[in-house]
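Asks: Below is the structure I would like to discuss, written out as structure tokens.
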Amino acid sequence: MNLKASLDEFRNEFLAKIPPEAATLMEQETLNLAEEFNSRELLTIGDIAPDFTLSNASNQQINLQNYLAKGAVILTFYRGGWCPYCNLELRAYQQLLPEIKSIGASLIAVSPQAPDNSLSTAEKNDLEFDVLSDVGSEVAKAYGVAFTLSHKLQKLYTNWGAFLPKINGIDSWTLPVPGTFVIAPDSRIILANVNVDYTQRLEPKKALEAIKNLTTSVA
């Protein structure tokens, strides 16, 4: 089963459980967010990826340029371990990790949650790649994927147990929309995928294919 099939299956099960008014609210908020992002200038193929240094789940400082010195990097932004869609995506990347490493590439996942919660996410999903904490969403802002949840969604998420200020360790309701960037060793972005619909994600195999195509063109 590919990632999209897993995401769609979960989404259908989830929508069948929640009140219709909650589903309608979430759908409308996604449409509102799409309208906002339509006016943004997003990073795209050929742009230089902003450098950053963030803490991983073990509180070690991880720098993007240090990874790029070794090879291409798949950088994916996710909302947090509280998001089931994000967990499905992270597990899908974990399954591809041996192949990613075999071509000399690296994988980095970034969310706004505090390091302790990043550690919980890594342990829960048996992740063997760096899960970084972008507390304050400064890196997400640099990559153009950050946004603030509406007050209506803040209330809904709180009722469902996702009180983000506690999870993220900062008094903020800022999240990244799902975004994946494949970055060449020279910092050029060779694939950029940003989707305001958090129930949809780039298939990890497409990120892997972008790196394989880069390796082939260089060879």
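Residue by residue, here is whether (1) touching a His at 6+ places or on another chain (Cβ under 7 Å); (2) without any contact (Cβ under 8 Å) to a residue 12 or more places away in the chain; (3) in a helix (DSSP H, G or I); (4) surrounded by 19 or more Cβ atoms within 10 Å (Cβ to Cβ) holds:
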site	(1), (2), (3), (4)
GLU36	no, no, yes, no
THR44	no, no, no, no
GLY71	no, no, no, no
LEU75	no, no, no, yes
ALA92	no, no, yes, yes
ILE108	no, no, no, yes
GLN113	no, no, no, yes
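Asks: Here are some conditions: (1) closer than 23 Å to VAL182 by Cβ; (2) at pLDDT 95 or above. LEU164 meets all but one. Which one does it not meet?
Replies: All conditions are met except number (1).
Asks: Within segment 163-219, take every residue that is polar (S, T, N, Q) and part of a helix (DSSP H, G or I) and give me the one that is nearest to VAL110 (Cα to Cα). Walk me through it before giving the result.
Replies: We begin by selecting, within segment 163-219, every residue polar (S, T, N, Q); these are 168, 172, 174, 180, 187, 193, 195, 199-200, 213, 215-217.
So of that shortlist, the ones also part of a helix (DSSP H, G or I) come out as 168, 213, 215-217.
Numbers: ASN168: 12, ASN213: 24, THR215: 25, THR216: 28, SER217: 28 Å.
Checked segment 163-219; the qualifying residue nearest to VAL110 (Cα to Cα) is ASN168.
Asks: Here are some residues: LEU33, LEU119, LEU88. Which one is under 27 Å from ALA162 (Cα atoms), of a type in the set (A, V, I, L, M, F, W, C) and under 15 Å from the mean Cα position of the chain (by Cα)? Lay out the reasoning, then the answer.
Replies: Values: LEU33 fails: under 15 Å from the mean Cα position of the chain (by Cα); LEU119 fails: under 15 Å from the mean Cα position of the chain (by Cα).
Of the residues listed, the single one that is under 27 Å from ALA162 (Cα atoms), of a type in the set (A, V, I, L, M, F, W, C) and under 15 Å from the mean Cα position of the chain (by Cα) is LEU88.
Asks: Kindly indicate whether SER137 is touching a residue at least 24 places away in the same chain (Cβ under 8 Å) and either at positive phi or buried (at least 18 other Cβ atoms within 10 Å of the Cβ) (or both).
Replies: Details: touching a residue at least 24 places away in the same chain (Cβ under 8 Å): yes; either at positive phi or buried (at least 18 other Cβ atoms within 10 Å of the Cβ) (or both): yes.
Here the answer is yes, as SER137 does meet what is asked.
Asks: Quick check, is ALA140 farther than 22 Å from ASN38 by Cβ, within 16 Å of the chain's Cα centre (by Cα) and in a helix (DSSP H, G or I)?
Replies: Numbers: farther than 22 Å from ASN38 by Cβ: no; within 16 Å of the chain's Cα centre (by Cα): yes; in a helix (DSSP H, G or I): yes.
No.
Asks: A follow-up question, please. For ALA192, which of the numbered conditions (1) in contact with a helix residue (DSSP H, G or I) (Cβ under 9 Å, 6 or more places away or on another chain); (2) touching a residue at least 60 places away in the same chain (Cβ under 8 Å) fails to hold?
Replies: (1)
Asks: Something else about it: Restricting to segment 1-27, count the residues that are loosely packed, with under 10 Cβ neighbours inside 10 Å, farther than 24 Å from PRO204 by Cβ and not acidic (Asp, Glu).
Replies: 4
Asks: A follow-up question, please. One residue is enough: does segment 1-13 have a residue meeting the conditions assigned to a loop (DSSP other than H, G, I, E, B), closer than 30 Å to ASP116 by Cα and at pLDDT below 95?
Replies: Keep residues of segment 1-13 that are assigned to a loop (DSSP other than H, G, I, E, B), which gives 1-2.
Now restrict to residues that are closer than 30 Å to ASP116 by Cα: 2.
Now drop any that are not at pLDDT below 95, which leaves 2.
Taking every residue of segment 1-13 in turn, at least one turns out to be assigned to a loop (DSSP other than H, G, I, E, B), closer than 30 Å to ASP116 by Cα and at pLDDT below 95.
Residues checked against (1) acidic (Asp, Glu); (2) closer than 14 Å to GLN113 by Cβ; (3) modelled with pLDDT under 95:
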site	(1), (2), (3)
TYR157	no, yes, no
THR174	no, yes, no
PHE181	no, no, no
ASP197	yes, no, no
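Asks: Would you call GLU99 modelled with pLDDT of 95 or more, surrounded by fewer than 21 Cβ atoms within 10 Å (Cβ to Cβ) and under 16 Å from ILE62 (Cβ atoms)?
Replies: Details: modelled with pLDDT of 95 or more: yes; surrounded by fewer than 21 Cβ atoms within 10 Å (Cβ to Cβ): yes; under 16 Å from ILE62 (Cβ atoms): no.
Here the answer is no, as GLU99 does not meet what is asked.
The values are calculated or read from the model by the stated rules, or taken from the named source; none is laboratory data. What you are looking at is a predicted structure, and each value in this text was computed from that prediction instead of being measured. Note: ideal-geometry Cβ built from the backbone for every residue, glycine included; neighbour counts use all protein chains shown.
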